[in-house]
Every structure is written in structure tokens, then in C-alpha cells.
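*Asks:* My questions all concern the structure below.
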């Protein structure tokens, strides 16, 4: 394992704990010589984790659509940055460049990216680990919903088990490895 894709909010969230845990995840990645692949932005938790990985001497690859660069949210100090046509190309490239995936707290885009990677794993499109960084119970209700969908027969038990959930960044990185 050489790189982890992190999906997270373009906003910082209501609690300072989200940024603290983004920095802790950055430290866990760098200490294990894992590079960060992410959405290429300089705002919200995306900016926090990218800046911290860079500050700690790690490598950061951003993948950002042209439309977001034009809105001036693209990070300009990354190790590598790919500017792509659209969100579909972005997600495909991020998946291709990564050996595993972590979803931190975030909004609709984070959830969409998380579930796409889980679906691709379920379908056998990739065999890469997927994790949730459950900062202060942020994902408790989502994990409960996945369990409910499993119990109701909509998600097979082995597919529900594809998502690895941890509240500690270092423990989550170790589970993915």
C-alpha cells in the first residue's frame, strides 16, 4: 500500500475536532510513508489534511475538475495536481491512483464518493479497502443505517462488512493496511 484516497468536506464542519482529526490522519499517513490522494481543494477539511501532509513532508496528489479550479478553490502547493474535465473523471482517477479509501466527515459529495467505492468493491471492480473515520460519532447513524439495510435483506452481510469503521485515525490506517 502506497497511497490512500481521503474523501472529506469542502467545509470545516461545526466542531474543531474535525480539523484536529484531519491533522491526526495526515500524521498517520506520513508516519507510514503513505501518500495522500484527494480532491485537490484548498478549502475545508480538504485543505487541512493536504496542508498537514505537506507540512509533515509527505506527498499529496490532488485531482480537481476544471470548474472548481476556475472557482479558485484549487490548492496550488501540491506535490502533483491533475486537472480533469469533470467529476466523473476525477473520481475514476482518484480511484486509479489509490490503494485504499477513507471517508472523513463531509457532506453529499463525501457520501457519494464513499458509496461509489463501496459499490465498486461489492461488484468486484476493485479489491481495495474502504474505511470511515468516525470522528466523535459523526457516522454512527450511517453505520446504523447500513446495518438496518443488511438486516432488511438489501445489503448482503459480506458487503456490509466492506466498510471498516474506526474513531482513531492511526487505527483506521492500520486496518486498511
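The values are calculated or read from the model by the stated rules, or taken from the named source; none is laboratory data. Note that the structure is predicted; figures quoted are calculated from it, not measured. Counting neighbours? That spans all protein chains shown, and the Cβs are built from the backbone with ideal geometry, glycine included.
*Asks:* Mind listing whichever residues of segment 84-97 are modelled with pLDDT of 95 or more, surrounded by 15 or more Cβ atoms within 10 Å (Cβ to Cβ) and more than 17 Å from residue 126 (Cα to Cα)?
*Replies:* 84
*Asks:* A follow-up question, please. How many of the residues making up segment 5-31 are outside any helix (DSSP H, G or I), surrounded by fewer than 15 Cβ atoms within 10 Å (Cβ to Cβ) and out of contact with any helix residue (DSSP H, G or I) (no Cβ under 6 Å at 6 or more places or on another chain)?
*Replies:* Result for segment 5-31: 2.
*Asks:* Could you please find all residues in segment 99-109 being over 18 Å from residue 23 (Cα atoms) and touching a helix residue (DSSP H, G or I) at 6+ places or on another chain (Cβ under 9 Å)?
*Replies:* Hits for segment 99-109 are 99, 100, 109.
*Asks:* Now for a separate question. Quick check on my filter: what residues within segment 143-167 are under 17 Å from the mean Cα position of the chain (by Cα) and in contact (Cβ under 8 Å) with a residue 24 or more places away in the chain?
*Replies:* Hits for segment 143-167 are 162, 163, 164, 165, 166, 167.
*Asks:* Next question, about the same structure. Could you run through segment 67-81 and say how many residues are under 15 Å from residue 46 (Cβ atoms), in a strand (DSSP E or B) and at pLDDT 95 or above?
*Replies:* Total meeting the criteria: 1.
*Asks:* For residue 50, work out the one condition from (1) in contact with a strand residue (DSSP E or B) (Cβ under 8 Å, 6 or more places away or on another chain); (2) touching a residue at least 40 places away in the same chain (Cβ under 8 Å); (3) within 29 Å of residue 127 (Cα to Cα) it doesn't fulfil.
*Replies:* With (1) in contact with a strand residue (DSSP E or B) (Cβ under 8 Å, 6 or more places away or on another chain); (2) touching a residue at least 40 places away in the same chain (Cβ under 8 Å); (3) within 29 Å of residue 127 (Cα to Cα) applied to residue 50, the lone miss is (2).
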